[in-house]
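The values are calculated or read from the model by the stated rules, or taken from the named source; none is laboratory data. Model, not experiment: these values are computed from the prediction. Here the Cβ positions follow ideal geometry from the backbone for every residue, glycine too, while neighbour counts run over all protein chains shown. Heavy atoms of the whole protein, side chains included, go into the accessibility calculation; ligands, DNA and RNA do not. Shrake-Rupley method; radii C 1.70, N 1.55, O 1.52, S 1.80 Å.
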Amino acid sequence: MTDAIQKPEKKKSSLLQLDARTRTRNAAETRFKAYGMIAIAFGLLMLSILVFNIVTRGAGAYQQTFVALEVELLAGKLDKKGNRDLDDIKKVSTFGYTPLLSNALEAKVIELGIETDLKAKKMVGILSKSAAAQVRDYVLNNPNKIGETIGFEFLASSRVDGYLKGRVNRDSIGNDKNISPAQLDLVDALKAEGSLAKRFNMSFITGSDASDARPEAAGMGTSMIGSFFMMLVVLVLALPIGVAASIYLEEFAPKNWITDIIEVNISNLAAVPSIVFGILGLAVFINYMHLPNSAPLVGGLVLTLMTLPTIIISTRASLKAVPPSIRDAALGVGASKMQSVFHHVLPLAAPGILTGTIIGLAQALGETAPLLLIGMVGFIASNPPDSIATGLLSPNSAMPAQIYEWAKRADPAFYERAWGGIIILLVFLVTMNTIAVILRRRFERRW
Amino acid sequence: MNDKNIMESHMGTTAIKISARDVQVYYGDNHAIKDVSIDIEDKTVTAFIGPSGCGKSTFLRCLNRMNDTIDICKVTGSIRIDDEDIYDRRVDPVQLRAKVGMVFQKPNPFPKSIYDNVAYGPRIHGLAQNKADLDEIVERALRRGAIWNEVKDRLQSPGTGLSGGQQQRLCIARAVATEPEVLLMDEPCSALDPIATAQVEELIDELRQSFSVVIVTHSMQQAARVSQKTAFFHLGNMVEYGETGQIFTTPQDPRTESYITGRIG
Ligand SMILES: Nc1ncnc2c1ncn2[C@@H]1O[C@H](COP(=O)(O)OP(=O)(O)O)[C@@H](O)[C@H]1O
Ligand SMILES: [Mg+2]
């Protein structure tokens, strides 16, 4: 009897003591968890380096140096005949305004008692080349102000701006024709007095691109409008075409070799490099159909081709996810195929379709390569469109194309703007993806 | 044990509602229904029994042409309802399904409100002139589905939030709301607990007043409880068809007998 009890006791393992198998298994699990955590940590590290880099390099673009000046709008220069006739005033070009600016600067220097050897003409060099145009625009809008003295805030030139941001210093400007140490002395003096300062620059977000000589005036606004019109085209075309194609393929089309081939081709299209769509757009839309170069309409058409497979694939996936019992239920009470799809299946698939569409749009929004081929890169979009038609048809750029264009230019002031533009683009993309996630969460089916 | 049923079916009407002749069904190469001929009576509950995979559901789905939705499925032979061939080229299966309602094995309410579940059929068939009409149709259907008292205070809450048994009765209410003439039920109780099953069975017996009910079941007890006529299917053949009481007490075919006594299953 005692034997009988002792025997199993010998073999019996304690739950408090891990056996060898359990130990190795636990070790393997711990290792696996560690690998996973390392991978995620690495990903997060890379992400934070990326974000940190983008923000530190791009933040500068949102600040710009401005110079406050009192400009006397000399009637003698701007309106020689003195009859305030707009046509006559228009005849004075921006060159005619430059003396007003040098007068204003000279007056300021004298008023503040700043010592400088600079001639008034050279002083103007610290202002942006857009300053004269700014005054001219003001005069053309308010001809009755001619003769008065008006306070303006002018952009400082990109060198002066760079000086305030630490990009430009006295050592680095040795051979620079655009800025001299004497001008920097003037800048220092004006800064100390407070009429030259760095502040938030809204026109980087709302403004248009500017020529190589005026990086300080360049903004993303017009290319944002270009992107907006392209996305409009993509949404209006790709969503209905994609959803209709998916519904047909998924719900109505017979399953045979033709639909099989179509299916394989759609999956393949999703993997086609976007530049291929670009050259297709160039050949078909521009060379053959003679649509205008660089137009958001063409960009939108090309991106539609690119986005269609994404939308079709995600729409078909969400249609497939609707249980067949729902279709049976609808058919069982005498609904037609069409009614069952539109009354029951489609509403249930809608959140998935929307999510797929938003992700497709986000992809299209960040796409650059196809735009290279249809001439939307390198185009200086200096005027925002004034109607939907010009928005679609007149040449424009797009956000990623604009960023690429800035990054390509020699002046480091543009480089800073490229980073700043990336921030805007990322904000758009993150917002769109967040909306997609929220939609998915919000409408997730509860069966 | 089935005296009541036997008596009733002897007295019952003998009007033929559905008449099938030489029906063959193929799924591709699979010959799923072989040479089935059957006359189904009006205002009667007819049960299809048989081992699983023998073709009960397939044959049931022929009666409202739900098989049309399966690409590889081919049906030959003739099935007539009220002496009209439902596989005639001129017949629109959608119109047929309004006349031949169906309740499925798994309760499948639409993920909409209870009210909308029931109102959907009448809406698409234009059975109601106005909102008051529709309210009345919905209430009557829910009463006939024996679920009115449980849901009358929450008609706007989702049908998917009901219990399994309630969902199935909702589906029955949804099916009767379109005023069909025939009601097909494919194992309507297989997902239900015994109490819900008893409620549904009671309901089926009441529905017999207005419809010809065809019910597929794997439970012989259920067939015995609710049906007046029973057809026994085996490997795609309809082996035997007759009064329920007679099938269960004195089966003619040895296959029926061995199934009933539990030797095939
Ligand atoms: N959708 C289908 N596609 C192909 N074969 C099917 C399909 N549905 C049923 N079958 C086949 O038809 C036969 C009968 O099935 P079914 O009618 O569902 O049997 P039961 O309902 O009696 O269990 C089975 O052999 C099954 O494999
Ligand atoms: Mg079945």
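Annotations
- Cα centroid of region A:311-328 to Cα centroid of region B:149-206, whole Å: 26
- When +1 charges are put on Lys and Arg Cβ atoms and -1 charges on Asp and Glu Cβ atoms, the dipole computed for region B:3-260 relative to its Cα centre reaches about 580 debye.
- Once you reduce region A:251-269 and region A:177-211 to the center of their Cα atoms, the two points are 60 Å from each other.
- Residue of A:Gly278, A:Gly96, A:Gly360 that the Gaussian network model of chain A assigns the largest fluctuation, springs spanning Cα pairs under 10 Å: A:Gly96
- Most mobile listed residue (B:Gln156, B:Gln222, B:Gln24) in chain B, GNM with C-alpha springs under 10 Å: B:Gln156
- Positive-end residue of A:Ser340, A:Pro351, A:His290, charge dipole of chain A with Cβ unit charges: A:Ser340
- Charge sum, other residues only, whose C-beta stays under 13 Å from A:Ile225's C-beta, Lys/Arg counted +1 and Asp/Glu -1: -2
- Given +1 at the Cβ of Lys and Arg, -1 at the Cβ of Asp and Glu and no other charges, the dipole of region A:104-263 around its Cα centre is 520 debye to the nearest 20.
- Local charge for A:Arg167 was computed over the other residues whose Cβ lies under 15 Å away, with Lys and Arg +1 and Asp and Glu -1, and equals +1.
- Inter-part distance where region B:32-47 and region A:33-69 are each reduced to a Cα centre, Å: 73
- Probe 1.4 Å, all protein chains present, accessible-area order of B:Asp133, B:Asp29, A:Asp79, largest first: B:Asp29, B:Asp133, A:Asp79
- B:Tyr115, A:Tyr288, reordered so the largest accessible area comes first (probe 1.4 Å): A:Tyr288, B:Tyr115
- Surface calculation, 1.4 Å probe, protein heavy atoms: A:Glu216 sits at approximately 0 Å² accessible.
- Of the residues in region B:167-185, those shielded by at least 20 Å² of accessible area once partner protein chains are present, compared with the chain alone at a 1.4 Å probe, are B:Arg174.
- Within region A:76-222, the proportion of Cα pairs with more than 25 Å between them is 34 percent.
- Pairwise burial A:B, computed as accessible area of each alone minus the pair, summed, 1.4 Å, Å²: 1700
- Per-q log10 I(q)/I(0), region A:221-443, q = 0.11, 0.15, 0.18 Å⁻¹ (Debye; single scatterer per alpha-carbon; no solvent): -0.61, -0.99, -1.25
- Packing, taken as the mean count of other beta carbons within 10 Å per residue, orders the peptides A:143-154, B:138-149 from highest to lowest as B:138-149, A:143-154.
- Shape parameters for region A:147-229, alpha-carbon atoms, Rg then Dmax in Å: 15.4, 47
- Over chain B: Kirkwood hydrodynamic radius from C-alpha pairwise inverse distances, Å: 18.9
- Average silhouette area of the protein assembly as shown, convex hull of alpha-carbon atoms, in square nanometres: 55.4
- Solvent-accessible area per residue for region A:221-443 (1.4 angstrom probe, square angstrom): 43
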